[in-house]
Amino acid sequence: MVDKGNKKVEVLSNVVSSQFNIHSSFGGVVPELAARSHLEKIDLITKKALKDSKLKLSDISAVAATSGPGLIVCLSVGVNFAKAISISLNKPFIEVNHLEGHALSPKLSSKLNYPYLMFLISGGHTQFLIVESFGKYKRIGTTIDDALGEAFDKTAKILNIGFPGGPKIEEWAKEGDENRFELPRPIYHRGGCNLSFAGLKTAVLKQSQFVKNKKDKHDLAASFQKTIIQIIKKKTQVAIEEYNKKIVNNKNLIVVGGVASNKSIRKNLKEVCKKNEFKIYFPEVKYCTDNAAMIALVGLEKFKRKQFSPLNSEIKPRWQLDTKAKFLKGAGVKI
Ligand code: KG4
Ligand code: ZN
């Protein structure tokens, strides 16, 4: 990535090496296989990124890598590789919070000023945060159990329609009757803009006993997606009200993370924003799911501020954007 000045950047390359084939037969990510594949691919990907961008290693000003949150075995591969390049070139190493990459991802294609409200919906996280400025985050809501992408993936696994589940559910839902199955909406009327999806997943599992043919699969996928949309429309409304209590100007919502590629979700959240006179921003679809460009953008912002990381910095598997936010997961948690 190159800084073009005036808040503009140019993405010279954005290589994505997907591991879907490796994990698909398991219906979820297998950490050991993921780590091995990271190791096998990382130098090839780096070579391809250099080739695509027509650069030499020595042209690089700094090296940024995701240091958390996530699977320690996978994060270590990228961080150690980045540190090695940084030592050999004598250029700064910059650790990046993966979630901060999502938080900045709409800026890859649109001009967007701070502050703004962020709805992060990915495979590992589901949170509402107020992005006050670069590096300043206030969490106002979170899932108290499963992440939204996880709920999509598990439902697809129950229906046996493939991995990753999100795009499959979206596809199957198109031809289904969304009113066929009645599913619960956990903590719909309470808990502020916190969310919960575990009960919904269990309900899908129970209903799956009635799934005998293709039509039933379409109907359950459609009913699941409809229920999800009802939940997130309501919770987005609550989050907007919370945001309005704190911030008078800049009525902007960004919806980011893998699940933000879903077209029905986009359409429905646009309606909520219109009603509330909020502007809504989505990243381009290629920047919704995990990608290098959004990590480079955070790296660039930190580079400009000289926020370099020491070479003995540790991996941070549980790195949160709002470090003061309470841990809200598990039985007996008060929301
Ligand atoms: O942001 P991401 O690439 O990885 C994490 O940081 O977790 O998100 C991956 C998640 C997966 O759970 C995947 O099923 C979901 O995003 N996803 C979708 C769609 N495309 C990807 N969920 C719903 N509809 C989609 N079209
Ligand atoms: Zn992600």
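Here is how the numbers come out for the structure above:
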| item | result |
| --- | --- |
| Spin-label zone in the stretch 150-189 - amide nitrogen under 15 Å from a point set 7 Å from the Cα of K215 along the C-beta vector | 175-181 |
| Nitroxide proxy distance, nm - points 7 Å out along Cα→Cβ at E284 and K47 | 2.7 |
| Inter-label distance, nm, simple model (7 Å from Cα along the C-beta direction), E40/R266 | 3.3 |
| Beta bridges by DSSP in the chain, antiparallel share as percent, to the nearest 5 | 55 |
| Highest average packing first - 299-307, 7-15, Cβ atoms within 10 Å | 299-307, 7-15 |
| Of all accessible heavy-atom area on the stretch 50-133, the percent that carbon and sulfur account for (1.4 Å) | 57 |
| Summed residue charge, Cβ within 13 Å of G176's Cβ, Lys/Arg positive, Asp/Glu negative | 0 |
| Accessible surface of the stretch 235-332 [probe 1.4 Å, protein heavy atoms]: carbon and sulfur percent | 53 |
| Percent antiparallel among DSSP beta bridges (both partners in the stretch 1-101, rounded to 5) | 40 |
| Sorted peptide list for 310-316, 289-295, criterion being average Cβ within 10 angstrom, highest first | 289-295, 310-316 |
| Rounded tilt (10° steps) of 214-246 against the dominant C-alpha axis of the chain | 70 |
| Table column - 3J(HN,Hα) (Hz), the stretch 36-52, Karplus curve with 6.51, -1.76, 1.60, x for Gly and Pro | 4, 5, 4, 4, 5, 9, 4, 6, 5, 5, 4, 4, 5, 4, 5, 5, 4 |
| Contour excess over end-to-end distance, with Cα ends at S17 and I247 and 0.36 nm allotted per residue | 78.8 nm |
| Length-normalised contact order for the chain - Cα pairs under 8 Å, 6+ apart - percent | 24 |
| Per residue, in Å², the accessible surface of the chain once ligands and nucleic acids are set aside, probe 1.4 Å | 50 |
| Length released on extending from K4 to L33, taking residue separation times 0.36 nm less the Cα-Cα span | 6.6 nm |
| For peptides 91-101, 181-191, 156-166, 47-57, sequence by mean Cβ density within 10 Å, most packed first | 91-101, 156-166, 181-191, 47-57 |
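The values are calculated or read from the model by the stated rules, or taken from the named source; none is laboratory data. Note that the structure is a prediction, hence the values are computed from the model and not measured. Methodologically, a virtual Cβ is constructed for each residue, glycine included, from the backbone with ideal geometry; neighbour enumeration extends over all protein chains shown. Heads up: the accessible areas ignore ligands, DNA and RNA and are worked out on the full protein's heavy atoms, side chains in. Shrake-Rupley method; radii C 1.70, N 1.55, O 1.52, S 1.80 Å.
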